[in-house]
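Report on the following structure.
The values are calculated or read from the model by the stated rules, or taken from the named source; none is laboratory data. None of the values given here were measured: they were computed from a predicted structure. Every residue, glycine as well, gets a Cβ built from its backbone with ideal geometry; the counts of neighbours run over all protein chains shown. When the accessible area is computed, the model is the full protein with side chains, heavy atoms only, and any ligands, DNA or RNA have been set aside. Shrake-Rupley method; radii C 1.70, N 1.55, O 1.52, S 1.80 Å.
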Amino acid sequence: MTLAQELILIVDDTPTNLDVIFQTLNDAKFQVAIASNGERAIQQIERRHPDLILLDVMMPGIDGFETCRRIKQNPETADIPIIFMTALSDTDSKVQALKIGAVDYITKPFQEQEVLARVQTHLQLRSLTKNLEQQVAQKASELQASQLQLLQNEKMSALGNLVAGVAHEINNPLGFISGNLAPAENYVRDILSLIKLYEQKFPSPGEEIEVKIKKIELKYIQEDLPNLLNSMHDGIQRIEDISNSLRTFSRADTEHPVIFNLHEGLDSTIFILKHRLKATTNRPDIEIIKQYGQIPAIECFAGQLNQVFMNLIANAIDALDESYKYNHKNKNKSHVGYIRICTNLTQQQKVQIIIEDSGVGIPDEVISRIFDRLFTTKAVGKGTGLGLAIVHQIVVEKHRGALNVDSIPGYGTKFTIEIPVTYKV
Ligand SMILES: Nc1ncnc2c1ncn2[C@@H]1O[C@H](COP(=O)(O)OP(=O)(O)O)[C@@H](O)[C@H]1O
Ligand SMILES: [Mg+2]
């Protein structure tokens, strides 16, 4: 075992004692520092934290027990192991030493090999403990991450089921209407042409019919009825689009990956966010620029990737809202608000999705924290700080992909996702 470079501080007022231990530890390749009383020791410790302290009990000024207490009171130095060196062989002092936080004690006169063995043991214990603490912290953070994912999956699958259910329920009545609309249009056309024919053959149908024609404004009906049917057509088409988007968006597939066309996912997400793209009192419509390339369908957790698109595009909209507030203040009306969505297949056979906005951008001091759980710059109730943490988890952990962000404060932000076309689930 090599413990070279570790720093041991010896605190003792008797030079002869010091010499012996100094030599032994030095031979064992430790760095050794020396303090001749308690106060000096505390000053030295604050300047540089040793890895272990050998502390004499009887010293002029503050004694070893008091020195130990002060070291333990400071949270920064509290976990440095302290071994007492004592000529007192009575049990009371040993117990007291251990009570105030020493890890061990050695009694004078020293057996050099014993001092060395104890020092090495405690250094090793400390390094193991530190290691363990790190592992526990890491496990705790992994656990937190998987809980977040679990919670999100639950929420998404409950919501997904609801939405899919609603979309399904809408489909039936929608079917009646769209199925009957075409024959209804035919009937109306037939009846209108029949009326025309009547008008030609019987230009003077008599007073009763003429009054009726005037009263119901037959001319207007004849012109308007076809328009009316057309707009019903459009309306139904739109409900069908909504229903399809909802179903694509809410694909309940948290358990198994499916083959998925990402363009469909992006389109359905944009569709669902459509109401947020419309002009508000502060800004005009947000323009969506789609630059879709040739990409294959990929095996993935489709519902989760839709969640990724949703979180990124929603953030882009927030950033654009924010930029208009800012530009308004500065009376700069030339700002153009857009969200550009590009897809490509890279040479490494990865599907690349870029979501770019011309919003406020991300300040340099913030950018390293945006993927942290609960980090948000938005007002309470508006931001949760979970969006990007979830995006990161789904892209990087769930799909073995890469996620990058580039931003120029004041100009905009670009998120780039890369997902391998085939990956092991
Ligand atoms: N497109 C973007 N433009 C500017 N800032 C962004 C953008 N996306 C994310 N951010 C910043 O990252 C933070 C974290 O985002 P997110 O995790 O989605 O949480 P939330 O949106 O709830 O704040 C946001 O509060 C914002 O400061
Ligand atoms: Mg967000």
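The condition of being under 15 Å from the mean Cα position of the chain (by Cα) and touching a residue at least 24 places away in the same chain (Cβ under 8 Å) holds for only one of 362, 370, that being 370.
Examine the stretch 216-223 for a residue that is modelled with pLDDT of 90 or more and not in a helix (DSSP H, G or I), and state whether such a residue exists. Yes - at least one qualifying residue is present in the stretch 216-223.
Applying the selection to the stretch 374-392, what residues are in contact with a Ser or Thr (Cβ under 9 Å, 6 or more places away or on another chain) and either away from ligand 2 (no atom under 11 Å from the Cβ) or not assigned by TED's automatic domain parsing to the domain that holds residue 310 (or both)?
Looking only at the stretch 374-392, we keep the residues that are in contact with a Ser or Thr (Cβ under 9 Å, 6 or more places away or on another chain), and these are 374, 376, 378, 382-387.
Across the stretch 374-392, the qualifying residue is only 374.
Within the stretch 335-362, the residues that satisfy the criterion of being within 13 Å of ligand 1 (Cβ to nearest atom) and in contact with a helix residue (DSSP H, G or I) (Cβ under 9 Å, 6 or more places away or on another chain) are 337, 338, 339, 341, 355, 356, 357, 358, 359, 360, 361, 362.
Filtered by the rule that a residue be open to solvent by 70 Å² or more (accessible area, probe 1.4 Å) and part of a loop (DSSP other than H, G, I, E, B), the stretch 96-147 gives 109, 111. Taking the conditions (1) more than 15 Å from the chain's Cα centre (by Cα); (2) closer than 17 Å to residue 306 by Cα; (3) open to solvent by 90 Å² or more (accessible area, probe 1.4 Å) in turn, residue 419 satisfies each one other than (3).
Considering only the stretch 70-77, I want to know if a residue exists there that is in contact (Cβ under 8 Å) with a residue 60 or more places away in the chain and open to solvent by 10 Å² or more (accessible area, probe 1.4 Å). Walk me through it before giving the result.
In the first step, residues of the stretch 70-77 are kept if they are in contact (Cβ under 8 Å) with a residue 60 or more places away in the chain; the result is none.
Looking through the stretch 70-77, none of the residues is in contact (Cβ under 8 Å) with a residue 60 or more places away in the chain and open to solvent by 10 Å² or more (accessible area, probe 1.4 Å).
A count restricted to the stretch 375-402 and to residues that are open to solvent by less than 20 Å² (accessible area, probe 1.4 Å) and β-branched (Val, Ile, Thr) stands at 4.
Residue 319 falls short on exactly one of the conditions (1) of a type in the set (A, V, I, L, M); (2) modelled with pLDDT under 95; (3) open to solvent by less than 20 Å² (accessible area, probe 1.4 Å); (4) within 16 Å of ligand 2 (Cβ to nearest atom), and that condition is (2).
Entry remark, the stretch 383-405: residues being in contact (Cβ under 8 Å) with a residue 40 or more places away in the chain, within 11 Å of ligand 1 (Cβ to nearest atom) and part of a loop (DSSP other than H, G, I, E, B) number 1 in total.
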